[in-house]
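This report concerns only the one structure given below.
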Amino acid sequence: MRLGFLGTGEITAAMVRGLQGQGHTILISPRNAQVAATLAAEVAGVTIAPNEQVVAGSDVIFLCLMARVAEDVLPSLPFRAGQSVISVMVDAPLARLRQLCFPANDIAITIPLPPIAKGGCPLPVYPACAALDALFGDRNLILPQASEQALNAHLGASALCSPILDQLLTATDWLAAHTGNPAAAEAYIAAMIRAYLPEIATQGDLAAALKKLSTEGGLNVTLRAAMAPAKDGLRRGLDGFHARLGLNDRNGERK
Ligand SMILES: NC(=O)c1ccc[n+]([C@@H]2O[C@H](COP(=O)([O-])OP(=O)(O)OC[C@H]3O[C@@H](n4cnc5c(N)ncnc54)[C@H](OP(=O)(O)O)[C@@H]3O)[C@@H](O)[C@H]2O)c1
């Protein structure tokens, strides 16, 4: 396939690495210059080209710009009907993308995460997108959504990784302070969490894993009780995304 990436930053680097070895022709835009040069040197089939050529020479175009930059850049680019456009941008709704990429009308939004470089990344998408399935479906978990609002809720939930990692680092520091070995402490915490997560969580797997860690009076239950206020904090933080992500509150009203 002929693929194009507008905006060559962190997420483009991860996606291009995740596509390597599949025989695609990949055009990437020249900014960021350093990331573009690294990708072109590292991944066979990758060529750096001006934004206009990225669009003119591709059948599938990934929008990996910051949304405010996309407002300036996209209207002058030679999109055409029949191209697939896949946006990964936060704060760029579908209705606006249709205007910015006209006359291209096969437009979808997905939410890749940096681990897509190696595969195993969840990819919620709206609307369903045949090109995304063909390119990433083999090695990742494509999750078609019923509405743009459902997709946007995944954007909010995707922010969970950062506070969780923050907590893992806090526990790592605590462990290392007692063992004197920070590297081994980090290895232990990371391996333990990885081991507890189901490969693909289906409904109830996470709850079942938690139930196994619920012995009355045990260390797990004791620590969970001490951290109970953090659950409210998490709910509040997620609810705080309602206005930005166009979500309804749990009573069905938009905040
Ligand atoms: N990183 C993630 O984990 C992640 C995950 C999901 C979605 N996203 C979304 O993906 C988008 C990109 O995020 P990112 O983390 O990859 O950001 P990033 O690393 O800052 O990449 C954005 C890229 O756009 C380039 N750019 C700026 N102006 C341009 C122009 N006129 N033409 C072409 N390229 C231009 C920047 O180049 P310069 O450095 O030269 O300015 C930069 O390389 C955002 O909308 C973000 O919300 C990111």
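The values are calculated or read from the model by the stated rules, or taken from the named source; none is laboratory data. Keep in mind the model is a prediction, meaning the values are calculated, not measured. Virtual Cβ from ideal backbone geometry, glycine too; neighbours counted across all protein chains shown. For accessibility, only protein heavy atoms count, side chains too; no ligands or nucleic acids. Shrake-Rupley method; radii C 1.70, N 1.55, O 1.52, S 1.80 Å.
Among the residues of the stretch 1-39, how many are among the hydrophobic types (A, V, I, L, M, F, W, C), open to solvent by 40 Å² or more (accessible area, probe 1.4 Å) and more than 13 Å from the ligand (Cβ to nearest atom)? The qualifying residues number 1. Mind checking whether some residue in the stretch 120-142 is over 17 Å from PHE62 (Cβ atoms), within 16 Å of the ligand (Cβ to nearest atom) and not in a strand (DSSP E or B)? So far as the stretch 120-142 goes, yes, one or more of its residues are over 17 Å from PHE62 (Cβ atoms), within 16 Å of the ligand (Cβ to nearest atom) and not in a strand (DSSP E or B).
When you look at LEU63, is it surrounded by 14 or more Cβ atoms within 10 Å (Cβ to Cβ) and within 11 Å of the ligand (Cβ to nearest atom), yes or no?
Values: surrounded by 14 or more Cβ atoms within 10 Å (Cβ to Cβ): yes; within 11 Å of the ligand (Cβ to nearest atom): yes.
Against the criterion (surrounded by 14 or more Cβ atoms within 10 Å (Cβ to Cβ) and within 11 Å of the ligand (Cβ to nearest atom)), LEU63 qualifies.
Being touching a strand residue (DSSP E or B) at 6+ places or on another chain (Cβ under 8 Å) and open to solvent by 40 Å² or more (accessible area, probe 1.4 Å) is a property that holds for ASN51.
(1) within 20 Å of ASN32 (Cα to Cα); (2) acidic (Asp, Glu); (3) more than 15 Å from the ligand (Cβ to nearest atom): which one isn't true of ASP72, the others all being true? The number of the failed condition is (3).
Among the listed residues SER76, SER162, SER158, which satisfies the condition of being open to solvent by 70 Å² or more (accessible area, probe 1.4 Å) and under 16 Å from the mean Cα position of the chain (by Cα)?
Details: SER76 fails: under 16 Å from the mean Cα position of the chain (by Cα); SER158 fails: open to solvent by 70 Å² or more (accessible area, probe 1.4 Å).
Result: SER162 is the single residue among SER76, SER162, SER158 that is open to solvent by 70 Å² or more (accessible area, probe 1.4 Å) and under 16 Å from the mean Cα position of the chain (by Cα).
Does PRO182 qualify as being touching a Leu at 6+ places or on another chain (Cβ under 8 Å) and free of Cβ contacts under 8 Å to residues at least 12 places away in the same chain? Against the criterion (touching a Leu at 6+ places or on another chain (Cβ under 8 Å) and free of Cβ contacts under 8 Å to residues at least 12 places away in the same chain), PRO182 does not qualify. Of all residues in the stretch 83-119 being open to solvent by 20 Å² or more (accessible area, probe 1.4 Å) and among the hydrophobic types (A, V, I, L, M, F, W, C), which is farthest from the ligand (Cβ to nearest atom)? Once the filter is applied, the top-ranked residue is PHE102. Please name all residue pairs, on different chains or six or more residues apart, with Cβ atoms under 9 Å, provided the first residue is in the stretch 51-79 and is in contact (Cβ under 8 Å) with a residue 24 or more places away in the chain and the second residue is charged (D, E, K, R) and within 10 Å of the ligand (Cβ to nearest atom). What qualifies is ASN51/ARG31; CYS64/GLU10; MET66/ASP91; ALA67/ASP91.
Looking at the stretch 165-180 only, could you name the residues that are open to solvent by less than 80 Å² (accessible area, probe 1.4 Å) and on the phi < 0 side of the Ramachandran plot?
Kept after step one, since they are open to solvent by less than 80 Å² (accessible area, probe 1.4 Å), are these residues of the stretch 165-180: 168, 171-172, 175-176, 180.
Result: LEU168, ALA171, THR172, LEU175, ALA176.
Here is a check on your reading of the model: is VAL46 closer than 23 Å to ALA146 by Cα, more than 13 Å from the ligand (Cβ to nearest atom) and buried (at least 16 other Cβ atoms within 10 Å of the Cβ)? For VAL46, the condition - closer than 23 Å to ALA146 by Cα, more than 13 Å from the ligand (Cβ to nearest atom) and buried (at least 16 other Cβ atoms within 10 Å of the Cβ) - is not met.
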